[in-house]
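Before any comments, here is the structure.
The values are calculated or read from the model by the stated rules, or taken from the named source; none is laboratory data. Owing to the predicted nature of the structure, the values given are computational and were not obtained by experimental measurement. Because the Cβ atoms are built from the backbone with ideal geometry, glycine has one as well, and the counts that use them run over all protein chains shown. Accessible surface areas use protein heavy atoms only, side chains included; no ligands, DNA or RNA. Shrake-Rupley method; radii C 1.70, N 1.55, O 1.52, S 1.80 Å.
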Amino acid sequence: MTKFYELSTEQRLQQLEEQGILTASEKALFRDNTALPTTIASRLVENQIGTFPLPLGLANHFLIDGHQYLVPMAIEEPSVIAAASNAAQRVARSGGFTTQVQRQGIRAQIVFVGQLGQPQKFLKAQQRALKQVALQAHPSLIAHGGGLRQITVQQQEEFVEFQLLIDPGEAMGANVVNTIAEAVGHYLQIQLPQLEYLMAILSNHAPEQKVQAVAEVQFEQLQTSNLSGEVVARKIVQASKLAHISLARAATHNKGIMNGVQAVVLATGNDTRNVAASVYAGLNDQHRSLSSWHLTPKGLRGVLNLNLPLGSVGGAISTLPLAQINLKILQHPSAAQLMRIIASVGLASNLAALRALVTQGIQAGHMNLQLQSLALMAGARTSEIDLIVKQLRQQPQQANLAQAKALITKLRQQSQGGIE
Ligand code: MEV
């Protein structure tokens with residue numbers, strides 16, 4: 001029998017339908033996708049049967065280093081885009097986000113097992129040759145403004161670890177860095193036959209790819225209908241302090257930041273897992289929270305620091321048609337500009353979450369979209385959703401799936417009654 005991976009996408013879908021795993025209409029949902037054609041999707045992953053669309057929205061009001069941006073965000077969670085836009089507007093009215101970027105390279109580890117007497121002496125003698133091997137492994141990198149920037153070596157217990165710092169140009173760098181690391185690893189193995197080669201791989205710890213976003217927000221931009229801007233600002237500062245001392249709160253605080261960050265990372269075809277690994281690798285017991293908020297004489301000052309390994313070309317970024325369109329909406333940013341934008345969206349998401357938490361609570365802002373998804377889950381048709389949401393909203397304590405289903409049944413009975 002032909003193996004699943006040997007079939008075309010159409011044949012895989014046919015087989016799944018024949019096996020009763022997919023219905024004909026589910027099969028059509030997988031097949032009829034024009035945004036990411038099978039010709040591309042089937043080259044990106046193995047055993048491809050379809051694509052998995054998420055809602056894509058645009059956050060507005062982002063003023064970053066004096067430039068205005070509309071920011072594409074791909075995310076399934078209600079309220080994230082509205083909240084980021086709302087906070088961005090408060091920041092824009094106070095002067096906008098300012099950012100700083102350092103983008104010096106991605107690290108690779110080449111690791112051997114054994115003891116290397118005088119590792120620094122070995123490295124000094126081999127520096128030139130290693131640079132040449134790296135260059136030959138990826139000659140075009142120099143033309144793209146990148147290249148090998150640094151080599152270090154250290155003996156740690158039984159491991160001899162060489163670290164390369166490679167500037168990947170505008171790419172995120174996974175392919176380039178792994179290619180160079182393996183070539184250098186192979187060369188080193190020949191020079192060091194007494195050591196046992198273990199691995200060569202990029203590191204997702206990316207302290208050389210870092211961005212800082214800063215937002216100043218005036219008191220009047222923070223007030224609510226019943227709390228002054230000063231009171232809200234003071235509460236946000238307390239919330240920020242809590243995230244620094246409480247691990248339980250830090251995880252949630254950081255999650256709110258990653259809501260914004262990962263939605264833009266995904267929309268631009270960047271690697272969300274790489275970003276998650278790098279961001280969390282930058283945290284430790286002394287540094288639990290990604291952001292800090294402090295009072296200033298006129299309002300609040302928020303700072304977000306992220307290790308953010310991103311690219312603006314290469315891999316899925318260049319292959320996914322929607323990522324290309326989203327980058328166009330972002331005015332074709334360089335990788336460094338994309339870091340600035342994404343950090344600003346993270347800080348806006350954080351501000352929105354903290355302001356909501358210390359004032360009306362998080363559920364009030366989520367209510368409308370949550371009720372809509374409840375109505376959808378209960379089987380409401382598009383034409384019925386608004387009415388069901390309105391009815392659910394009248395008794396928010398009873399807004400559950402059973403109630404939504406009951407309201408739909410009642411609505412349909414009433415409209416049948418009306419027709420008769
Ligand atoms: C929900 O996705 C994110 C929040 O929990 C973040 C936070 O608590 O700061 C609202």
Task: Test set (1) open to solvent by 30 Å² or more (accessible area, probe 1.4 Å); (2) under 23 Å from Lys298 (Cβ atoms); (3) part of a strand (DSSP E or B) - Gln102 fails condition number - done: (2)
TODO: State whether one or more residues within the range 313-321 are open to solvent by less than 20 Å² (accessible area, probe 1.4 Å) and at pLDDT 95 or above.
DONE: yes
Task: Given (1) away from the ligand (no atom under 15 Å from the Cβ); (2) out of contact with any helix residue (DSSP H, G or I) (no Cβ under 6 Å at 6 or more places or on another chain), number of the condition Ser312 does not satisfy - done: (2)
TODO: Kindly provide the set of residues from the range 344-376 that are open to solvent by 60 Å² or more (accessible area, probe 1.4 Å) and either at pLDDT 95 or above or touching a helix residue (DSSP H, G or I) at 6+ places or on another chain (Cβ under 6 Å) (or both), ordered by number.
DONE: Leu357, Ile362, Gln372
- [ ] Answer yes or no as to whether Leu392 is open to solvent by 70 Å² or more (accessible area, probe 1.4 Å), at negative phi and in a helix (DSSP H, G or I).
- [x] no
Open item on the list: Here is a check on your reading of the model: is Ile110 farther than 30 Å from Gly365 by Cα, open to solvent by less than 20 Å² (accessible area, probe 1.4 Å) and touching a helix residue (DSSP H, G or I) at 6+ places or on another chain (Cβ under 7 Å)?
Closed with: yes
TODO: Kindly list, by first and then second residue, each pair from a residue in the range 73-96 that is more than 14 Å from Leu369 (Cβ to Cβ) to a residue that is within 16 Å of the ligand (Cβ to nearest atom) and assigned to a loop (DSSP other than H, G, I, E, B), limited to pairs with Cβ atoms under 6 Å and residues at least 6 apart or on different chains.
DONE: Ala74/Leu54
Task: Per-region count, the range 12-49, residues among the aliphatic types (A, V, I, L, M) and over 25 Å from the mean Cα position of the chain (by Cα) - done: 7
Task: Candidate set from the range 322-343 (those that are in contact with a Phe, Trp or Tyr (Cβ under 9 Å, 6 or more places away or on another chain) and not charged (D, E, K, R)); member that is surrounded by the most Cβ atoms within 10 Å (Cβ to Cβ) - done: Ala343
- [ ] Report, by residue number, each residue of the range 216-238 that is open to solvent by less than 40 Å² (accessible area, probe 1.4 Å) and under 14 Å from Val303 (Cα atoms).
- [x] Val217, Ile236, Val237
Open item on the list: Condition (residue is among the hydrophobic types (A, V, I, L, M, F, W, C) and more than 30 Å from Asn86 (Cα to Cα)) applied to the range 50-63: is it met by at least one residue?
Closed with: no
TODO: Report the residue count in the range 58-99 for those that are farther than 18 Å from Leu330 by Cβ, among the acidic types (Asp, Glu) and open to solvent by less than 70 Å² (accessible area, probe 1.4 Å).
DONE: 1
TODO: Select from the range 21-57 the residues that are small (Gly, Ala, Ser) and surrounded by fewer than 15 Cβ atoms within 10 Å (Cβ to Cβ) and list them in ascending order.
DONE: Ala24, Ser25, Ala28, Ala35
TODO: Report yes if Glu18 is open to solvent by 80 Å² or more (accessible area, probe 1.4 Å) and closer than 25 Å to Gly315 by Cα, otherwise no.
DONE: no
Task: Among the candidates Gln120, Gln127, residue that is outside the structural domain of Ile257 (by TED's automatic domain parsing), without any contact (Cβ under 8 Å) to a residue 60 or more places away in the chain, open to solvent by 60 Å² or more (accessible area, probe 1.4 Å) and touching a strand residue (DSSP E or B) at 6+ places or on another chain (Cβ under 8 Å) - done: Gln120
Task: Yes/no for Thr268 being under 30 Å from Leu54 (Cβ atoms), outside the structural domain of Gln155 (by TED's automatic domain parsing) and either open to solvent by 60 Å² or more (accessible area, probe 1.4 Å) or modelled with pLDDT under 95 (or both) - done: no
TODO: May I ask you to verify whether Glu161 is under 34 Å from the mean Cα position of the chain (by Cα), open to solvent by 60 Å² or more (accessible area, probe 1.4 Å) and outside the structural domain of Ser344 (by TED's automatic domain parsing)?
DONE: no
Open item on the list: Out of Ala243, Ala239, Ala251, I need the residue that is out of contact with any Ser or Thr (no Cβ under 8 Å at 6 or more places or on another chain), in a helix (DSSP H, G or I), touching a residue at least 40 places away in the same chain (Cβ under 8 Å) and small (Gly, Ala, Ser). Which one?
Closed with: Ala239
Open item on the list: Just the residues that are away from the ligand (no atom under 15 Å from the Cβ) and among the β-branched types (Val, Ile, Thr), please, taken from the range 246-271.
Closed with: Val264, Val265, Thr268
